[in-house]
C-alpha cells in the first residue's frame, strides 16, 4: 500500500468513525427520551424552561414532542450512512432550531455545546466524499444509487 492510498483509506476510516459517533449519539439521545420517562414527560418538563421566551408554549411543546423521534430517525440514518446528505442537512437544521430556542433562553453554555454539534454537521457534510463505509456507498455500487 502506497503512502497516498494509505492516507486515502485513513480519511475514509476517520469519516466513518466521526459519522458513527454522531449517529449513535443522536440515536441514543432520541431513544432515551421515549424509553426513559417518556416523550410527554420530557416535552412537558422542557417546555417550562421556555416560559420566559417569546415562543408560544404550544409551539415549544409540539417541537419537543417531535424532537426525540427526529433525533432517533436522523441518528439511525447517520449511523447507517443512508441518505447521508439529507440526514446531515436536516440534522444541521434541527441543531439550528435548538440553538435558536436555547439562545432565546440565554443559556449560553448549552449554546456552546450545540455549536459543537453544528460544527460536526458541517464537517461531516463538507467531507461527505469520504463516506465510503456506508449504505449509500453500497447502494451506489450495486444499484447506481445517486445520493
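Picking from 23, 52, 38, which residue would you name as being closer than 17 Å to residue 88 by Cβ and either surrounded by fewer than 15 Cβ atoms within 10 Å (Cβ to Cβ) or modelled with pLDDT of 95 or more (or both)? Let's see the steps before the verdict.
Working: 52 fails: closer than 17 Å to residue 88 by Cβ; 38 fails: closer than 17 Å to residue 88 by Cβ.
Criteria check complete, one pass: 23.
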### Query
Taking only pairs six or more apart or across chains, which ones have beta-carbon atoms under 8 Å, a first residue in region 28-54 that is free of Cβ contacts under 8 Å to residues at least 12 places away in the same chain, and a second residue that is assigned to a helix (DSSP H, G or I) and surrounded by 15 or more Cβ atoms within 10 Å (Cβ to Cβ)?
36/42
### Query
Limited to region 124-137, what total is found for residues that are surrounded by 15 or more Cβ atoms within 10 Å (Cβ to Cβ) and part of a helix (DSSP H, G or I)?
7
## Note on the structure
In region 77-102, anything touching a residue at least 60 places away in the same chain (Cβ under 8 Å), part of a helix (DSSP H, G or I) and surrounded by 18 or more Cβ atoms within 10 Å (Cβ to Cβ) is listed as 79, 84, 91
### Summary
Pairs returned, first residue in region 1-27 that is over 21 Å from residue 116 (Cα atoms), second residue that is at pLDDT below 95, beta-carbon separation under 8 angstrom, 6 or more apart or interchain, are 9/1
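The values are calculated or read from the model by the stated rules, or taken from the named source; none is laboratory data. Quick caveat: nothing in here was measured; it's all calculated off a predicted structure. Quick reminder, even Gly has a Cβ in these numbers, built from the backbone with ideal geometry, and neighbours come from all protein chains shown.
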